[in-house]
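Data first, discussion second: the structure below is written as structure tokens.
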Amino acid sequence: MHKVRDIYEKLNAEVSKVVIGKSEHLKLMVASILAGGHVLLDDLPGVGKTTLVKSLSIALGCGFKRIQFTPDLMPSDIVGMNIFDRNTSSFKRVDGPIMTNLLLADELNRVIPRTQAALLEAMAERQVTLDGETTPLPSPFIVMATQNPVESESTFRLPAAQLDRFTICLSLGYLSSGEEADMLRAVGDDIPFDSINAVSCPDEIIALTQRIRLVSVTEDMVDYIVSIVSATRGHPMLRLGASPRAARDLFRCAKSLALISDREYVTPDDVHELIVPVLGHRLTSSSEARIIGKTPQAVLREITQEVPVPPKKEKLFA
């Protein structure tokens, strides 16, 4: 069995052939995958969201489908439908693009809420229901969605219930001048997706996902995670705090980061790196916070400074 760190370094090497300067983002995306989660990339058009996801899917060696979300997209365009076959005089199931390992939901906030909701069962239960028949999705099943800022025209804000299904939310941001020059030299004429080699496969990803159960967490570290999540509930600057699902995602992603760092125990640094990516998109600002321009991310940074960091590890459990 390969080390998780070795697999991550190979993934980073392959993705970096096409995507410049996003190693830290890639690490968090891999942590989410190992935790069995989904990723939301929230940023302006043209910063490389779709390119990053497609490159990662090739390097993972997984089945990959892309759905371009538009206002006229219907739930059946995602999950499939039953059509009548005149030759057999019976209904035939036609699977939608959701039957894959890695689904890129491109510009998810451009589709109507009814169609957004079609992803909920799949993301939470790894299954789809069509005309009363439930079908499991391929394993692993990962949704990586992109969205443009809600201030853009023709967009629909994702509801809190759907945002809570995404384990991690990332913003790529602009490249530095040096990185942008490197990007133009590497992919200025064409994006060389065919240069990326698969360094993993679905079976290996499943096995690596199971390995996070072996990562140890101290009693104090568990209390630390719970204290951070609890501090978001009832906070005067927040109308909606983090859910129990958020606490579980923070717990599991911290274990994933430990494995990527070639450790079998979680440290406060693992948790600190994940607090904003895992919790930030799930929080809703209070009216007062919106007036003074205080974001949930800023509140989380304050909470991180206020909650005491646990001492050295004591009793361990997985």
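Summary table below
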{"quantity": "Residue with peak Gaussian network fluctuation, the chain [Cα springs, cutoff 10 Å], from Q297, Q127, Q305", "calculated": "Q305"}
{"quantity": "Estimated vicinal HN-Hα couplings, Hz - segment 122-131 in sequence order (Karplus 6.51, -1.76, 1.60; Gly, Pro = x)", "calculated": "4, 5, 8, 10, 6, 7, 10, 10, 10, 6"}
{"quantity": "Interchain or long-range residues, amide H under 5 Å from V128's placed H", "calculated": "T135, L137"}
{"quantity": "Residue exposure sequence - T146, T209 - by fewest surrounding Cβ within 10 Å", "calculated": "T209, T146"}
{"quantity": "Long pairs among K49/K92; K10/K65; K49/K255; K54/K294; K255/K294, criterion Cα-Cα beyond 28 Å", "calculated": "K49/K92; K54/K294; K255/K294"}
{"quantity": "0 to 90° range, to nearest 10: angle between helix 268-279 axis and the chain longest Cα axis", "calculated": "50"}
{"quantity": "Largest-first principal axis extents of the Cα set of segment 11-123 (Å)", "calculated": "55, 28, 24"}
{"quantity": "Ellipticity estimate at 222 nm from DSSP helix runs (n ≥ 4, -39,500 (n - 2.57)) divided over the chain, nearest 500", "calculated": "-12500 deg cm²/dmol"}
{"quantity": "Magnitude of the charge dipole, segment 215-317, Cβ model with Lys/Arg +1 and Asp/Glu -1, debye to 20", "calculated": "420"}
{"quantity": "Using θ = phi - 60° and Karplus 6.51 cos²θ - 1.76 cosθ + 1.60, couplings along segment 212-226 (whole Hz; Gly, Pro as x)", "calculated": "5, 5, 7, 6, 8, 9, 6, 4, 5, 5, 4, 4, 5, 4, 5"}
{"quantity": "Sequence of D223, D190, D262 once ranked by neighbouring C-beta atoms within 10 Å, starting from the fewest", "calculated": "D190, D262, D223"}
{"quantity": "Under Karplus coefficients 6.51, -1.76 and 1.60, residue-wise ³J(HN,Hα) of segment 17-28 in Hz, glycine/proline x", "calculated": "5, 10, 10, 9, x, 10, 4, 5, 5, 4, 4, 5"}
{"quantity": "Fraction of antiparallel bridges per DSSP, the chain only, in percent to nearest 5", "calculated": "45"}
{"quantity": "Net length gained if the chain between A207 and E24 were fully extended (0.36 nm per residue, minus Cα distance)", "calculated": "63.6 nm"}
{"quantity": "Placed amide H near F64: partners under 5 Å, 5+ positions off or other chain", "calculated": "N101, L102"}
{"quantity": "The chain - charge dipole about Cα centre, Lys and Arg +1 at Cβ, Asp and Glu -1, debye rounded to 20", "calculated": "600"}
{"quantity": "Percent breakdown of C-alpha pair distances by 10 Å bin, ordered from the shortest bin, for segment 184-272", "calculated": "14, 31, 23, 19, 12, 0"}
{"quantity": "Label assignment, P(r) over Cα pairs in 10 Å bins from 0, in percent derived from the structure, set [x] 6, 20, 24, 23, 15, 7, 3, 2, 0, 0; [y] 6, 25, 31, 21, 10, 4, 2, 1, 0, 0; [z] 6, 24, 33, 26, 9, 2, 0, 0", "calculated": "[z]"}
{"quantity": "Cα-based helix-to-principal-axis angle, 244-260 vs the chain, degrees rounded to 10", "calculated": "80"}
{"quantity": "Residues M144, M99, M74 arranged by fewest to most Cβ contacts within 10 Å", "calculated": "M74, M99, M144"}
{"quantity": "Cα lying deepest toward the dipole's positive end in segment 213-318, options L283, V271, L300, charges on Cβ", "calculated": "L283"}
{"quantity": "Furthest towards positive pole of dipole, M221, I142, A186, structure part the chain, Cβ charges", "calculated": "M221"}
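Computed from the coordinates by the stated procedures, all read-outs in this text should not be read as laboratory data. Because the structure is a prediction, the values reported are computed rather than measured. Virtual Cβ from ideal backbone geometry, glycine too; neighbours counted across all protein chains shown.
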